[in-house]
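Structure record follows, encoded as C-alpha cells.
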Amino acid sequence: MPDIWWKADPQDLHRLVDRVSSVYVERSHLDRDENAVVIINKQQTVRVPAAMVAVMLLGPGTRVTHGAVRLLADSGTTVCWVGEQGVRMYAAGLGPSRGAGLLHRQAWLVTRPQERLAVARAMYSMRFPGEDVSALTLQQLRGREGTRIRKYYRAQADRTGVTWNGRVYKAGDAFAAGDDLNRLLSAANAALYGICHAVVIGLGASPGLGFVHTGKATSFVLDIADLYKAEYTIPLAFDLAAQGLTAERDARLGLRDLIARDKLLSRIVTDVKNLLTPEGTAFEDSEANLLWDEHLGTVPGGTNYASNADLSVQGMTDNHIAIIGPEIDETQSTQ
C-alpha cells in the first residue's frame, strides 16, 4: 500500500452530499496563510481554501496552529481529531453549518413517538431491502433483526471455517470475551463507531438523540453503526480470525482499508441525511442569533432587554482563570 499522507488532492476533494467534503491529514503541520489552510510535510506543501472543506480529519502525527483552527472555525468547517485514516474519533469542534436546523429536526423526530417509530422503521428497512416493514412493531423488528444477525454469524462461520460460539463482550474491556473472534468484533465495531461519530458531528446532528438506542451519549452513533456491521465488521472479523490476525490493530487497519475502498464516509452522510430529512422535507438550517420566547416564538439575540443590567447579580464577575503568555518582542525575534 503506498505511503500516502494526503487523503485527496485539493482538486479531487470528493463531494459527500451537497456542500459536504472531507479532507484527511496525518503526519503533517497545518498553518494559515490568509484564507487558506497550508498543509506541510517533508514531501510537499498544499494550500487548501478553507471554504472548500466541511470536515477536516486530523490523524496521528498532525500539528495545527491556533490560526489554522480559527480559520477553519470561521469557515464553518468541522475539525475532528481521529485515529489513523479516520478510524476512531477522539474530539471534535463545530459542525460545518452554524445553523441548528438538522439538530432541531432530529430533536423534533425523536420526541414524537409516531415520527420516532417511522425513523426506526426506516433504519430497519435498510437491513431488509425489498421488504415492507411499515406495519411491524419495534418488538417484531428487533426479533427479525436478531434472527438475521444470528443466521449471518453462522453463515460467516461456515464460509471461513472459524468456530463461532456466540457473541460475548463487555463494554470497555476488549479481553472480557475470552476468544479472539469476539475481540476482533469488538475492536472493529469500536472503529466503526468512531467514523460514524465523526460524520454525525460533522453534519451538526446530535450523537445522543437515538431512535432505536437510547440512554447513552452516543445513542444515535450506535443506531447508524448498526446499519453497516453485517456488511463490514462481522465478515472482516471472521476473515481476520481465519488468517490468524487477532490483534486489535488488525481489525482497525482492516476496517480502515474497507472504508477507504468503498468510500463509506460518503455513504454514511447520505444515509444520515435521508433518515432525518427524507426527500421532500423542508427545514431551516440558516444561522440565526435568536432567543426563544413563549409568546412570540423568537426575539432577536444580542440585545440587552434590561435598562440597567447588573451582571454581578447573576454571578458574572471576574472570578475566572486566564492563562496568558508573554508578549512577543518582534524586534528581538527578527534578530
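Values quoted throughout were computed directly from the atomic coordinates according to the rules given, and no laboratory measurement underlies them. This structure is a prediction, so every number in the text was calculated from the model and none was measured. Positions of Cβ are generated from backbone atoms using ideal geometry, with glycine treated the same way; all protein chains shown enter the neighbour counts.
Given the Cα-Cα distance of Ala230 and Glu248 and 0.36 nm per residue of separation, how much length would full extension add, in nm?
Fully extending the segment from Ala230 to Glu248 adds 4.6 nm.
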How do the peptides 144-152, 190-198, 260-268 rank, highest first, by the average count of neighbouring beta carbon atoms within 10 Å per residue?
-> 190-198, 260-268, 144-152
Could I have the simple spin-label model distance between Val168 and Thr65, label points 7 Å from Cα toward Cβ, reported in nm to one decimal?
-> 5.4
Linear extension gain, Val299 paired with Ala135, 0.36 nm per residue minus alpha-carbon span = 54.8 nm
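How long are the semi-axes of the ellipsoid equivalent to the stretch 118-205, from square roots of 5 times the Cα gyration tensor eigenvalues, in whole Å, largest first? Walk me through the intermediate numbers first.
Values: eigenvalues 135, 89, 27 Å².
Taking √(5λ) for each Cα gyration eigenvalue gives 26, 21, 12 Å.
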Cα→Cβ-extended label distance, 7 Å offset, between Trp108 and Tyr90, nm | 3.8
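Please sort 39-52, 58-71 by packing, taking for each peptide the average over its residues of neighbouring beta carbons within 10 angstrom, highest first.
Numbers: 39-52: 14.8, 58-71: 16.3.
Per-residue mean Cβ counts within 10 Å order the peptides as 58-71, 39-52.
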So how far apart, in nm, are the two label points at Met126 and Ala217 if each is 7 Å from Cα heading toward Cβ?
-> 2.4
